[in-house]
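Q: The structure that follows is given in the form of structure tokens.
FYI, it's all coordinate maths here, none of it is from the lab. As the structure is a prediction and not an experimental result, all values here were calculated from the model. A quick note on method: Cβ atoms are made from the backbone with ideal geometry, for glycine too, and the neighbour counts reach across all protein chains shown.
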Amino acid sequence: MKKGHIIGLGIIAIAIVIIMTSIGDASSYESFNTAWEMKEDGEDKSIHVVGQLKKDETGQVTGLEVREDKTSFTFLLVDNEGTEQKVFYNEPVPADFQRSEQVVVIGSYREKEIFVADKILMKCPSKYQETDVQAAGM
Amino acid sequence: MINTFVGNLGHLMTIVAFVSALVTAYAYIQYFRANEIEKASWRRFSRISFYIHTGSTVLIAFSLFEIIYNHRYEYFYAYSHSSKALPVHYMISSFWEGQEGAFILWAFWNVILGVILIHTNKFWEAPVMVVFALVQAFLISMIMGVVIGDLKIGSSPFMLLRDATQAPIFQLNPDFVPEDGTGLNPLLQNIWMVIHPPTLFLGYASTLIPFAFLIGGLVTKRYSEWIRPALPWAIFSAMILGMGIIMGAYWAYVTLNFGGYWNWDPVENAVYVPWLILVASIHTMITFKKSATALKTSIVLVIMSFILVLYATFLVRSGVLGDASVHSFTDLGLSGQLLIYMLFFLAIAVVLAARAWKHIPTSEKEADVYSREFWIFLGAITLGLMAFQVILPTSIPAWNALVESFGGISNMAPPADQVEFYTRFQLWFAVAIALLTSVGQFFWWQKIDKKVLKEALVTPYIVSVLISAAIIVLAKVYDWKYIIIVLAGTFTIVANAVILAKILKKSTFKLAGGSLAHIGLGMILIGIMFSSGYSDVISINMSGLTYSNSWEDEMNKEHVLLWINKPTQMKDYTVIYRGRQKKVVGVPEYVPAKILESTGNVNEAIALEDYKEHFKKGDIVKIVLEENDYFKIDYLQNETLKFSLSPMSQFNEGMGGLISSPDSKIYLNKDLYTYVAAMNDYEDPEWKEDENYEVSPGEQFHIADFVTYFDGAEVLKEIEGYQLQEGDVAVKAKLRVLDYDTEKLLEPTFIIRNNQVGKLPVIDTELGLKVSLENILPEQNKFVFKVNQYQKDYVVMKAIVKPYINVLWIGTIIMLIGFTVAIFRRFDEFQKMRDKGLE
């Protein structure tokens, strides 16, 4: 075998390893129901759940509980299927958290009652879509 | 009044630029094809056309800046990206905050580069400029803002606000102009954000040059000659792009709160990948110049680096990343256009390369293990694999979008822990690269066989092992992975330093580019290993208190809650939060916020107290960005103040809440990095119920938890801000409130006028207290105070020690110097050949 071939095979082997790990380590978007099924099947992989904060009739966010030392909190997230779930996040409340239109939690179930988020991504009302120009200063 | 002139000018120039780009492309094609007699006139025409294009592009940029600079908020772009309070250098940031501005910046660099190329090339002008003009046509089309039926081409930055939004106010008054804009994202209000985007876009723009030379080479069938003019530009491009990436990383380090300089975010990956490929292409191009191998590889890599820049732009700006990235770029409806742009050039390049493929010279002989080609080729492959490993998962959102556009469902998400995922591979690739550079450099400068190689490598090997051992012992590097990195990094530095010394002894500094850049690489590797691998969160809660006694307590709490004035133990330090501060024009240090009161005008405040020699009570002072609060955190050791840090936070309603920037204490061998993660919002406090205290002068009592002394009261002759009348009685009570080591004077006032009682309460936001003097009971010699509590001011903060991060920064600077030296050398070579009339 020529050196070129060995190198070629090496590249292919590494590329395959890269592709496999990329697929293997890729997370997935789930609902709370499918996430819980995964947990029951013994899969502990971190997954993404997209949802919205639970709001009361007046549009206020409800269910936000900040721990006494203010370094962690729990909140209620309603996923796109309408399942409500208590989520724990071991970080202080992000400042624009309550304003977010959509929240993506990345993490896994600890027990049925609590989903532990390792990371939170927030979609905030973009200023590009801001259509109400303030009339102040007319 | 609405000024439509500038907008119309900008829009007109956009159309002129677009048309002239197409004309230029056509003219240069004609010039290229024309016979000797007509050539001169076509060339003149093409150049004039390109200069018209250049002029109009510059005018587009000018018009947009004029709109921002003169606060023309009737324009959507100025309204949504700027505000009156911005200083001029941040207006420059406003310019490219929006995507349209970024495209203008890109187009602007392209024309500058185009003009330089016209004047530095003879032979290559026509084919290169055709590619340039076509790229420009695509870029300008992004800001055209033309709507034909359902088809929208580009998004114009010269849109009026009333056309961009459907705000009802415009139905009442179409000429309405908002008083102020919504401002620039505070995270971009940083000096690095003024220079980072132009650098990055110059890098983006310059990747076009090697690509254009390649296309020129393929079209003119000069399959190998294109390398000489392309090489200095490829190195230039890699240098600028690299500098842009580093600036971005540094900006992230000093302004963003994720606690580092690199987060493997898709937006970062999207620039990192083309850069890797670009660097790989430089190496294969240099190899080709030396030994006529690797030409095909170079062609593929040059095409890839250019296409990857377009792909990166597509990923970042099409909105396809959606919620996969923390960088939120909204979809301006340009994704289709960007895709066409990318596919167009990909198709051209692939077709031309495929057609020429069998004519491209290759060397038949197999590269020998003891040849430099072999080692450089391995290096290029490793760089390629590095790029592949990053771009694959980064493209997952694009993959989902692709599957969904064909009606399928794909719920793949990027890896949950990106840092861990990418580091696992990139680390070892980087080690391989480091080792390859040191071995490769030896092969580069001399013909070597097995024996010579051993001899050449043995000294650097021993020296680097010794140095590594010292580093490992002194810095306590005990993890085997990190030990390997230290070894690889030191070996790279030592081996390349040996080469550098030889070069300097024998010939000129001009040849030192390669070894300098590689020394930089070794330092970067070691710097990253220390600053990331041994980054140490010291803000672990040490109070010993558990709050809920559940599994939650087992999780690492990486933040500490600091109540104002309360000392808190944190690893080797005692930290105390001392309150908020502001930056005042003309005062070198931060000024306590409590002695300033806003006048209602933008960035202006009145001083409530004297402050050192800088200003007096009652002075009007100018504040630098009044929304910014700097939280003073004192660090103490052995009860003496070591230093104070002032991490910044800005509460910005328009931008969606709190935006924070860290502050670091920089030592030679480490940084102590501190940022505020949450803070008290005392704008609109919910006061708790009234508490009443009856106290005699001289008495000590407790307000909430605070020990308070009632020192007595005095009758006032005058009160600030009040007109006392004949017969009025005004009494001021003096309360001293103790909070740890600080003492606060609270002086509520009580006024009697015609049997009416007026009370002037005092509010102390730091202590979260509102105290008013409710009543005076002369018979009992008692004063009645009403107290409402809110909560003491606090911050939740995180502190991280990052050892040897300076090694990383110094390494990047050395690497950039290496690149620069190489640019000069290669450009010199090109010039000599050109002047001989060979190219």
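Q: Output the antiparallel fraction of DSSP beta bridges having both residues in the protein assembly as shown, as a percent to the nearest 5.
A: Working: 126 of 132 bridges.
Taking every DSSP beta bridge with both residues in the protein assembly as shown, the antiparallel ones total about 95 percent.
Q: Working only with C-alpha atoms, what are the Rg and Dmax values of the range B:370-412, expressed in angstrom?
A: Radius of gyration, then largest Cα-Cα span, for the range B:370-412: 16.9, 53 Å.
Q: Still on this model: By counting other Cβ atoms within 10 Å of each Cβ, how are B:Ile15, B:Ile623, B:Ile776 ranked from fewest to most?
A: On the way: B:Ile15 14, B:Ile623 21, B:Ile776 17.
Least to most surrounded, the residues fall as B:Ile15, B:Ile776, B:Ile623.
Q: With +1 assigned to the C-beta of every Lys and Arg and -1 to the C-beta of every Asp and Glu, and no other charges, what is the dipole magnitude of the range B:1-92 about the Cα centre in debye, to the nearest 20? Each step should come with its number before you reach the end.
A: Working: 7 positive and 4 negative charges, 43 e Å.
The calculated dipole for the range B:1-92 is roughly 200 debye.
Q: Excluding residues on the same chain fewer than 8 positions from B:Lys510, give the lysines whose Cα lies under 26 Å from its Cα.
A: Counting by Cα, and skipping residues close in sequence, B:Lys510 has these lysines nearby: B:Lys122, B:Lys289, B:Lys290, B:Lys447, B:Lys502, B:Lys832, B:Lys836.
Q: For chain B, build the charge dipole from Cβ charges (+1 Lys, Arg; -1 Asp, Glu) around the Cα centre, then report which of B:Ile703, B:Ile67, B:Thr14 sits farthest towards its positive end.
A: The Cα lying farthest towards the positive end belongs to B:Thr14.
Q: Filter the trypsin sites (Lys or Arg not before Pro) in the range B:562-631 down to the DSSP loop ones having no more than 15 other Cβ atoms within 10 Å, then list what survives. Could the numbers behind the result be given before it?
A: Numbers: sites: B:Lys571, B:Arg578, B:Arg580, B:Lys582, B:Lys583, B:Lys594, B:Lys612, B:Lys616, B:Lys617, B:Lys622; in loops: B:Lys571, B:Lys583, B:Lys612, B:Lys616, B:Lys617.
Sparse-neighbourhood loop trypsin sites (Lys or Arg not before Pro): B:Lys571, B:Lys612, B:Lys616, B:Lys617.
Q: What is the calculated FRET efficiency for B:Asn669 to B:Thr640, with r their C-beta to C-beta distance and R₀ = 30 Å, to the nearest 0.05? If you can, show how the numbers build up before the last one.
A: Values: r = 21 Å, r/R0 = 0.71.
Efficiency, from the Cβ-Cβ distance: 0.90.
Q: One-quarter of the Cα convex hull surface for the range B:578-687, in nm²?
A: Values: hull surface 37.6 nm².
Spelled out: convex hull of the Cα atoms, projected over all directions, averaged, 9.4 nm².
Q: Which ordering of A:Leu121, B:Leu436, B:Leu636, B:Leu218 is given by a fewest-first count of other beta-carbon atoms within 10 Å? Can you show the working numbers first?
A: Details: A:Leu121 19, B:Leu436 22, B:Leu636 15, B:Leu218 25.
Fewest-to-most Cβ neighbours within 10 Å comes out as B:Leu636, A:Leu121, B:Leu436, B:Leu218.
Q: With the crude spin-label approximation of a point 7 Å out along Cα→Cβ, what separation in nm comes out for B:Ser363 versus B:Ile48?
A: Here the modelled spin labels are 4.9 nm apart.
Q: Hey, another quick one. Just tell me which lysines come within less than 16 Å, Cα to Cα, of B:Lys221; anything on the same chain fewer than 8 places away is out.
A: B:Lys296, B:Lys358
Q: Order B:661-674, B:219-232 from most to least packed using the mean count of other Cβ atoms within 10 Å.
A: Working: B:661-674: 17.8, B:219-232: 20.4.
Highest-to-lowest ranking by the protection proxy: B:219-232, B:661-674.
Q: Loop only per DSSP, at most 12 neighbouring Cβ atoms within 10 Å: give me the GluC sites (Glu not before Pro) in the range B:757-833, ordered by residue number. Walk me through the intermediate numbers first.
A: Working: sites: B:Glu766, B:Glu774, B:Glu779, B:Glu829; in loops: B:Glu766, B:Glu779.
When the GluC sites (Glu not before Pro) of the range B:757-833 are filtered for loop state and at most 12 Cβ neighbours within 10 Å, B:Glu779 remain.
Q: Here's another thing I want to ask about it. Can you tell me what percent of all Cα-Cα pairs in chain B are more than 41 Å apart? If you can, show how the numbers build up before the last one.
A: On the way: 168460 of 351541 pairs.
Cα-Cα pairs in chain B separated by more than 41 Å: 48 percent.
Q: If you don't mind, there's one more thing I want to ask. Filter the cross-link list A:Lys86/B:Lys566; A:Lys39/B:Lys802; B:Lys557/B:Lys583; B:Lys642/B:Lys798; A:Lys112/B:Lys557; B:Lys566/B:Lys732 down to pairs whose alpha-carbon distance in this structure exceeds 25 Å.
A: Values: A:Lys86/B:Lys566 33 Å; A:Lys39/B:Lys802 36 Å; B:Lys557/B:Lys583 32 Å; B:Lys642/B:Lys798 18 Å; A:Lys112/B:Lys557 23 Å; B:Lys566/B:Lys732 29 Å.
In this structure, A:Lys86/B:Lys566; A:Lys39/B:Lys802; B:Lys557/B:Lys583; B:Lys566/B:Lys732 lie more than 25 Å apart at Cα.
Q: Two decimals is fine: what's Rg over Rh for the protein assembly as shown, C-alpha atoms, Kirkwood radius as Rh?
A: Working: Rg = 32.5 Å, Rh = 32.0 Å.
Result: Rg/Rh = 1.02.
Q: Bins of 5 Å, beginning at zero and ending with the bin holding the largest distance: percent of Cα pairs per bin for the range B:1-114, please.
A: With a bin width of 5 Å, the distribution comes to 2, 12, 19, 18, 15, 11, 8, 6, 4, 3, 1, 0.
Q: Based on DSSP, what percent of beta bridges with both residues in chain B are antiparallel, to the nearest 5?
A: 100
Q: Just going by the charge dipole of the protein assembly as shown, with Lys and Arg at +1 and Asp and Glu at -1 on Cβ, which of B:Tyr28, B:Ser468, B:Asn556 is farthest out on the positive end?
A: Result: B:Tyr28, furthest along the dipole toward the positive end.
Q: Can I ask one more? Give the calculated FRET efficiency between B:Lys505 and B:Lys39 to the nearest 0.05, with a Förster radius of 51 Å applied to their Cβ-Cβ distance.
A: Computed FRET efficiency for B:Lys505 and B:Lys39 comes out at 0.55.
Q: Then there is this: List the residue ranges in chain B for DSSP H helices whose C-alpha atoms run 30 angstrom or more along the long axis and whose Kyte-Doolittle average is -0.5 or above. Write down the numbers at each step before the final one.
A: Details: long enough: B:5-33 (41 Å, 1.14); B:36-69 (49 Å, 0.39); B:99-120 (32 Å, 1.36); B:227-255 (41 Å, 1.28); B:266-291 (38 Å, 0.76); B:295-317 (33 Å, 2.00); B:335-356 (31 Å, 1.93); B:372-394 (33 Å, 1.33); B:418-445 (40 Å, 0.81); B:450-474 (35 Å, 1.57); B:480-506 (39 Å, 1.40); B:805-835 (46 Å, 0.70).
Correct list, ordered by number: B:5-33, B:36-69, B:99-120, B:227-255, B:266-291, B:295-317, B:335-356, B:372-394, B:418-445, B:450-474, B:480-506, B:805-835.
Q: Please give the average number of partner chain Cβ atoms lying within 10 Å of the Cβ of each residue in A:17-24, rounded to a whole number. Don't jump to the answer; show the numbers that get you there.
A: Working: counts 3, 8, 3, 0, 7, 13, 4, 1.
Rounded to a whole number, the mean comes out at 5.
Q: Tell me which aspartates and glutamates have Cα within less than 20 Å of B:Lys622's Cα, excluding those fewer than 8 residues away on the same chain?
A: Hits, sequence-local ones excluded: B:Asp180, B:Glu589, B:Glu597, B:Glu604, B:Glu609, B:Asp610, B:Glu613.
Q: Which entries in the list A:Lys123/B:Lys770; A:Lys70/B:Lys582; B:Lys476/B:Lys571 go over 27 Å, if you measure between the two C-alpha atoms of each? Can you show the working numbers first?
A: Values: A:Lys123/B:Lys770 38 Å; A:Lys70/B:Lys582 25 Å; B:Lys476/B:Lys571 18 Å.
Going by Cα-Cα distance, A:Lys123/B:Lys770 fall outside the 27 Å limit.
Q: Grab the Cα-Cα distance for B:Ser224 and B:Val254, subtract it from 0.36 nm times how many residues apart they are, and report the gain in nm with one decimal.
A: Values: separation 30, 0.36 × 30 = 10.80 nm, distance 4.47 nm.
Net length gain for the segment: 6.3 nm.
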